[in-house]
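Everything below concerns the one structure shown next.
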Amino acid sequence: MNRYFFALGLGPAFALGACGGSEPVTTVDNIVATDTIIPENSIDANAATGTLNEASGAAVMTGQTFADTAGASDAYEVAAGKLAAQKASTQALKDFGGMMVTAHTGSTAKLKAAGAKATPAIVPNAKLSAEQEANLATLRDTTGADFDTAYKAQQVVAHEKTLAAVQDYAKNGTVPQLKAFAAEIAPVVQQHLDKIRGL
């Protein structure tokens, strides 16, 4: 079996995520994932402004960073879902991929609406991280059972990271409209995670 490397930082609905330079910490059937949720640059920016989660002492994402992370996660999920709908070898994974396209397209619309209501308005930048691009490349380059294995593993990691990110922002975020979005989307992400774990 080929060895696939991928990292999602949502990874911060979605991977909501992006990150860089984490050590591999999780291995699933020769697939390695990193476990970073908050991009390093967002930690530096928040540390500079003193925005910290008082309970954990960790830096809290800015509204823009959260919106960008969520937007990139949605973009990754839509692209990966389209590939799964075409290439997966089981109908269940094809259906899951189609569900991801629909759900994350809707999530993007809600995210944009929430950002537009913020003061000042926040426009998500859905630029994929290098890790998300690498994950999509892996999916494009594989077929059959190898595709199924890579897609399922990526989806579990992506949704775990996204769930952690949206739950954290719903609790500790500083932009009320984005906090409400995160709180609304968290149960949906949990449903997606439960579904892919069962496939």
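Here the 3J(HN,Hα) profile of segment 87-104, calculated from phi with Karplus coefficients 6.51, -1.76 and 1.60 at θ = phi - 60°, is 10, 4, 8, 10, 5, 4, 6, 4, 5, 4, x, x, 5, 5, 4, 5, 5, 7 Hz, Gly and Pro shown as x. A straight chain from GLN191 to LYS127 at 0.36 nm per residue would run longer than the Cα-Cα distance by 20.5 nm.
Taking 27 Å as the straight-line reach from the Cα of LYS110, the lysines in range (excluding those fewer than 8 positions away in the same chain) are LYS82, LYS94, LYS127, LYS152, LYS161, LYS171, LYS179, LYS195. Counting heavy atoms of the protein chains alone, ARG140 has an accessible area of about 130 Å² for a 1.4 Å probe.
Assuming charge only on the beta carbon of Lys and Arg (+1) and of Asp and Glu (-1), the dipole of segment 89-176 about its Cα centre is about 480 debye to the nearest 20. Restricting the GluC sites (Glu not before Pro) of segment 65-173 to loop positions (DSSP other than H, G, I, E, B) with no more than 16 neighbouring Cβ atoms within 10 Å leaves nothing.
The values are calculated or read from the model by the stated rules, or taken from the named source; none is laboratory data. Worth saying up front: this structure is predicted, and the values here are computed from it rather than measured. Don't worry about glycine lacking a Cβ; one is built from the backbone with ideal geometry, like all the others, and counts go over all protein chains shown. Each accessible area value is taken on the protein alone, full model and side chains, heavy atoms only, with ligands, DNA and RNA left out. Shrake-Rupley method; radii C 1.70, N 1.55, O 1.52, S 1.80 Å.
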